[in-house]
Amino acid sequence: MQILVVDDEPDIQPLFEQRFRKEIRSGELTFAFAHSGEQALSYLEKHASEVVLILSDINMPGMSGLELLKRIRISFASPPPVIMMITAYGDEQSYRQSISYGANDFLAKPLNFNDLKEKLKQLEVQKNAG
């Protein structure tokens, strides 16, 4: 399963690579990283059919995660990727906006990687069942 992680934090890539080392080595998961909404859209233009899940931070300089979410839902509707929004703030407004723009799930920072792995397992089961 290909996952695109969109986050302006430079340490996010080594963190994910460490936490998912086993899954990456087995070929179960592959990750791509974009450090801005603009980079994510550029990546999706070339790889949209491969990306199954997008994990996007909401608060980024330039294009916000919410704007990215809106653009993905318009431009990459088929096949629709699963999109989980990530924010450091557990605020209701970001949650409501994310859901109204078409987010499938919402995660809070700091990420609980055990919860994320469970969500990924559920996603894999749904993908295989569908």
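Things worth noting here:
- Of note, I54 does not satisfy the criterion of being among the hydrophobic types (A, V, I, L, M, F, W, C), at pLDDT below 95 and in contact with a Leu (Cβ under 9 Å, 6 or more places away or on another chain).
- P14 surrounded by fewer than 18 Cβ atoms within 10 Å (Cβ to Cβ), outside any helix (DSSP H, G or I) and not charged (D, E, K, R): no
- The set of residues in the range 84-130 that are farther than 15 Å from L55 by Cα and assigned to a loop (DSSP other than H, G, I, E, B) comprises Y89, G90, D91, G130.
- Among the residues making up the range 61-103, those that are out of contact with any helix residue (DSSP H, G or I) (no Cβ under 8 Å at 6 or more places or on another chain) and among the charged types (D, E, K, R) are K70, R73, D91, E92, R96.
- Test result for A129, within 15 Å of the chain's Cα centre (by Cα) and at pLDDT below 95: no
- Odd one out for L68, checked against (1) crowded, with 17+ Cβ neighbours inside 10 Å; (2) under 16 Å from H35 (Cα atoms); (3) free of Cβ contacts under 8 Å to residues at least 40 places away in the same chain: (3)
- Whichever residue in the range 17-51 is of a type in the set (G, A, S) and outside any strand (DSSP E or B) and, among such residues, is surrounded by the most Cβ atoms within 10 Å (Cβ to Cβ): A40
- Set I74, I83, I58, I54: member being surrounded by 22 or more Cβ atoms within 10 Å (Cβ to Cβ) and either hydroxyl-bearing (S, T, Y) or free of Cβ contacts under 8 Å to residues at least 40 places away in the same chain (or both): I83
The values are calculated or read from the model by the stated rules, or taken from the named source; none is laboratory data. Please read these numbers as outputs of a predicted model, since none were measured by experiment. Ideal geometry is used to build each Cβ from the backbone, glycine not excepted, and the neighbour counts take in all protein chains shown.
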